[in-house]
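Colleague: The structure is given below, and queries will be raised subsequently.
The values are calculated or read from the model by the stated rules, or taken from the named source; none is laboratory data. Model, not experiment: these values are computed from the prediction. Neighbour counts run over all protein chains shown; Cβ positions are idealised from the backbone, glycine included.
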Amino acid sequence: MSSFDDSPWGDPKFSSEYLERADLYVVERRRLFSIVQEHVRFFFPEKEGFSFLDLGCGDGIASEKVLQVKPRSRAVLVDGSADMLERARERLGERDGVVFVVKSFENLLNEGIPGGPFDLALSSLAIHHLDDRGKEGLFRTVFDSLLPGGWFLNVDLVRGESPLLEEWQMEMWRLWVEERKAALGVEEDIFGEILRRYKGTEENRPGTLSFQLEALKRVGFAHVDSFYRYGPFVVFGGRKE
Ligand SMILES: C[S@@+](CC[C@H](N)C(=O)[O-])C[C@H]1O[C@@H](n2cnc3c(N)ncnc32)[C@H](O)[C@@H]1O
């Protein structure tokens, strides 16, 4: 596994560009987060003292969505980029019980996850940076950090189950981006840029959904399933019994 610092996310300019463009790059980004909120409302309706982890938190947008549902949560936000964590701190402000931790996933695999145990471990568009072995290792580490009854939810990009399906899901992605561009009056070749980043670099290593669901079961999760899919974008996870 290559180190976080060798990846483009170690470069603040790269991460800024992602944040500016995320609503154009990511299919139905708002809906992905609303599914996370609905999940928390449904599975933790009465829970007092809710606690959650956000892995690869970026500017903290996913955590902000959870905090809208559970404002008094204890939360640990982790990212390999100190710059991203600074943005998360700006977005969320100073809040009791919310901490920001600069660590790469590779660090977490070796050292475990600080600040647990949690009711929810959440990640959004970050774990696809690990190879399949790294993903399964991280799922195990996440499992160990959860309370009984705790959930893991991963909003992420997946690879098609076959080359034909990969072609179809990339086409769905392209059509969505074209639709958004038309709605917003953007003329740039956004999808060409997406393809260069997604296919042309070492740092994006989406795994198939089937591999990841099986990996979750292998590490001990129950109720494993996907809860949404549009092209390569999925929400999936499972519960620790
Ligand atoms: C595409 S952004 C997503 C950010 C945020 N979760 C969101 O949904 O907007 C990916 C994030 O994962 C972080 N990241 C990428 N590889 C990582 C690694 N190996 N260890 C820790 N963080 C990583 C990046 O710094 C970045 O903040």
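Colleague: Kindly indicate which of G160, G150 is closer than 22 Å to V78 by Cα and under 23 Å from the mean Cα position of the chain (by Cα).
Modeller: G150
Colleague: When you scan region 163-241 for helices (runs of 4 or more DSSP H) that lie fully inside it, which ones turn up with 3 or more residues that are touching a strand residue (DSSP E or B) at 6+ places or on another chain (Cβ under 9 Å), over 20 Å from T141 (Cα atoms) and in contact (Cβ under 8 Å) with a residue 40 or more places away in the chain?
Modeller: 163-184
Colleague: Which members of region 142-162 meet the condition of being in contact (Cβ under 8 Å) with a residue 40 or more places away in the chain and loosely packed, with under 13 Cβ neighbours inside 10 Å?
Modeller: Matches in region 142-162: P148, G149.
Colleague: Another question about this same structure. Taking the criterion of being in contact with a Lys or Arg (Cβ under 8 Å, 6 or more places away or on another chain) and either without any contact (Cβ under 8 Å) to a residue 40 or more places away in the chain or more than 13 Å from the ligand (Cβ to nearest atom) (or both), would at least one residue in region 3-11 satisfy it?
Modeller: No: region 3-11 contains no residue that is in contact with a Lys or Arg (Cβ under 8 Å, 6 or more places away or on another chain) and either without any contact (Cβ under 8 Å) to a residue 40 or more places away in the chain or more than 13 Å from the ligand (Cβ to nearest atom) (or both).
Colleague: I would also like to ask the following. When only residues in region 98-110 that are closer than 20 Å to L216 by Cα and not hydrophobic (A, V, I, L, M, F, W, C) count, which is nearest to the ligand (Cβ to nearest atom)?
Modeller: Looking at residues that are closer than 20 Å to L216 by Cα and not hydrophobic (A, V, I, L, M, F, W, C), I get E106.
Colleague: Follow-up question, since we're still on this one. Scanning region 48-95 for residues that are modelled with pLDDT under 95 and acidic (D, E), which turns out farthest from the ligand (Cβ to nearest atom)?
Modeller: Looking at the filtered set, the residue picked out is E48.
Colleague: Touching a helix residue (DSSP H, G or I) at 6+ places or on another chain (Cβ under 8 Å), within 27 Å of G134 (Cβ to Cβ) and near the ligand (Cβ under 10 Å from one of its atoms): is that true of V26 in this structure?
Modeller: Criteria met by V26.
Colleague: So P117 passes all but one of these: (1) more than 9 Å from the ligand (Cβ to nearest atom); (2) of a type outside the set (G, A, S); (3) farther than 30 Å from R229 by Cβ. Which condition number does it fail?
Modeller: All conditions are met except number (3).
Colleague: Among the residues of region 217-241, which ones are surrounded by 12 or more Cβ atoms within 10 Å (Cβ to Cβ), of a type in the set (A, V, I, L, M) and farther than 29 Å from R174 by Cβ?
Modeller: Those that are surrounded by 12 or more Cβ atoms within 10 Å (Cβ to Cβ), of a type in the set (A, V, I, L, M) and farther than 29 Å from R174 by Cβ: V219, V224.
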